[in-house]
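The values are calculated or read from the model by the stated rules, or taken from the named source; none is laboratory data. Note that this is a predicted model, so its numbers are computed, not measured. Methodologically, a virtual Cβ is constructed for each residue, glycine included, from the backbone with ideal geometry; neighbour enumeration extends over all protein chains shown.
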Amino acid sequence: MRNELDKLSIGRAKTSGDESKEWKARIALAETALKNCAAIADYVRKVSKSVANEIDERSKMVAQTLEEAKKTKNLKTLHEWYRTDLAPLFNKVEQEEHLVSNMRRRKA
């Protein structure tokens, strides 16, 4: 996933000045963040299916609101989505991953 983010950052630099390409790069970055949440949910699922299912459900809701933001092609709307939808989801996912990681280390 890290490589995808690096590629997107490089792509972002190459698209500077072209609003259409910049919008597509921002959307690709948002979608990559959601993929990262799904990957972490898979990791969490090894310990807690219920928590992983909760992450999956929240991710689906956030993905739906991203679809709505995509339709607007409005940067302010996308920034609002990042702030109000993606950031809280990502914080929750990181917390759960951290807890699972600590539990697994203690067992080992």
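If I ask for residues that are buried (at least 18 other Cβ atoms within 10 Å of the Cβ) and either in contact with a Ser or Thr (Cβ under 8 Å, 6 or more places away or on another chain) or more than 17 Å from Gln64 (Cβ to Cβ) (or both), which ones from the range 79-92 would you list?
Residues satisfying the conditions are Trp81, Asp85, Leu89.
Got a sec? Which of Lys70, Lys92 is touching a residue at least 24 places away in the same chain (Cβ under 8 Å), touching a helix residue (DSSP H, G or I) at 6+ places or on another chain (Cβ under 9 Å) and within 20 Å of Glu22 (Cα to Cα)?
Of Lys70, Lys92, the one residue that is touching a residue at least 24 places away in the same chain (Cβ under 8 Å), touching a helix residue (DSSP H, G or I) at 6+ places or on another chain (Cβ under 9 Å) and within 20 Å of Glu22 (Cα to Cα) is Lys70.
Do any residues in the range 40-64 that are more than 18 Å from Ser101 (Cα to Cα) have Cβ atoms under 9 Å from those of residues that are of a type in the set (Lys, Arg) and part of a helix (DSSP H, G or I), where the two are at least six apart or on different chains, and which pairs are they?
From the range 40-64, the pairs are Asp56/Arg45; Arg58/Lys92.
Tell me which of these Gly17 doesn't satisfy, since it passes every other one: (1) at pLDDT below 95; (2) small (Gly, Ala, Ser); (3) in a helix (DSSP H, G or I).
The number of the failed condition is (3).
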